[in-house]
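Visitor: First the structure, which I've put down as structure tokens, then a few questions once you've had a look.
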Amino acid sequence: MEHIKILAAVANLMIGAGIAVYTYNLYKTYAYPFLQPLTYHIIFYNLLILLTLIYKYLDLNLPEKFPLTRSPVFEDIGYLFIYLFVMGITYAMVRVVLQFQGKALSPRLKKWIFTGAIVFLGGIVIKMILPPRSLSHKWLYFIYENVGAILFVIEIVFLVTLLIYAKRSSDRKKAKICKAFAYLYLARYVFLPLIIVFPEQIRFFASMAGLICFNFLPLLWIKLFFLKYAQSMLSLIEGSTSLERLYKKYNISRREQDILRLIMDGKSNKEIEDELYISIHTVKNHIYSLYQKLGVKTRYQLVHFITKFRG
């Protein structure tokens, strides 16, 4: 059974790595800012799976007399990395939700996150130093046993705020992808408690299936909701009669117009290079010129600018 767990974890890691690369490539292509922290969320989630895989492998293959996997210090180090990855998952989710709403992390929130991380790391070190049976050690152990729950509550709160944002948004298309994202990720917290009530004989298989499904959540959301949204925004731009006025107003050259249309089609720099038979350096120069003329810094800002342009 333990070896089956390892094989399942390896398969999950391969799936997660592929989805992370796919999501990051979408970010490079479409430049929607929420896709970047979503990639980080996937990476931290799979690092957590990787850590579990390493621990299980060592526990199964090291000799019984070897103290590494049975040492309290090793256990503390393991918990340290587990909670660091869970903190990374939560931090990435907070950034995803804020980017959906067009916001950045406030200096106050950054300060709280930094302070919390320092306190957390300091507490782990103190816990490793204190005598195992001391009252202080027991209290710290209790606190760190519940840190994960606190972080998950934070993630739930931010996902609920995303639902509230979607409900109040006047942009129905944007609201739809926000609601779909929030509901999909909140569904995890409905499924997890259900695993506990499964019979012990199938609990393992249910948990493995759950972990794999969680890895597929971003891909499911991208395929069913995000890509349709992105393509509809591109169609809206391409069908706009104000493009010619934009070209004249900002003195967009013929070559820049060609590149702009390909950007709106979701083409990457490499795909533009291949389609127009020009060097990647020339592509980048033309894109930089477009950014300068339109006063934007990213592809997402470029698409947003053109969508809102009315001449």
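Visitor: Taking 41 Å as R0, compute the FRET efficiency from the Cβ-Cβ separation of Phe191 and Phe305 and round it to 0.05.
Guide: 0.50
Visitor: Could you compute the FRET efficiency for Arg254 and Arg108, with r as their C-beta to C-beta distance and R0 at 41 Å, rounded to 0.05?
Guide: The pair Arg254/Arg108 has a calculated efficiency of 0.30.
Visitor: Ok, one more. Roughly what would the spin-label model give for Arg168 and Leu219, points 7 Å off Cα along C-beta, in nm?
Guide: Result: 3.6 nm between the two label points.
Visitor: Roughly how many nanometres apart are two label points built 7 Å out from the Cα toward the Cβ at Leu7 and Val160?
Guide: Rounded to a tenth, the inter-label distance reads 4.2 nm.
Visitor: Let me ask something else about it. For segment 239-308, what Kirkwood radius comes out of the mean inverse Cα-Cα distance, in Å?
Guide: Result for segment 239-308 stands at 12.2 Å.
Visitor: Okay, next question. Between Ile118 and Ile54, how high is the FRET efficiency from 1/(1 + (r/R0)^6) when r is the Cβ-Cβ distance and R₀ = 25 Å? Nearest 0.05.
Guide: Computed FRET efficiency for Ile118 and Ile54: 0.45.
Visitor: Lysine pairs in segment 239-308 with alpha-carbon atoms under 15 Å apart, 8 or more places apart or on different chains: how many are there?
Guide: Lysine pairs meeting the criterion: 7.
All of the numbers you see were taken from the coordinates with simple rules; none came from a lab. As the structure is a prediction and not an experimental result, all values here were calculated from the model. Heads up, the Cβs are rebuilt from the backbone with ideal geometry, glycines too, and the neighbour counts pull from every protein chain shown.
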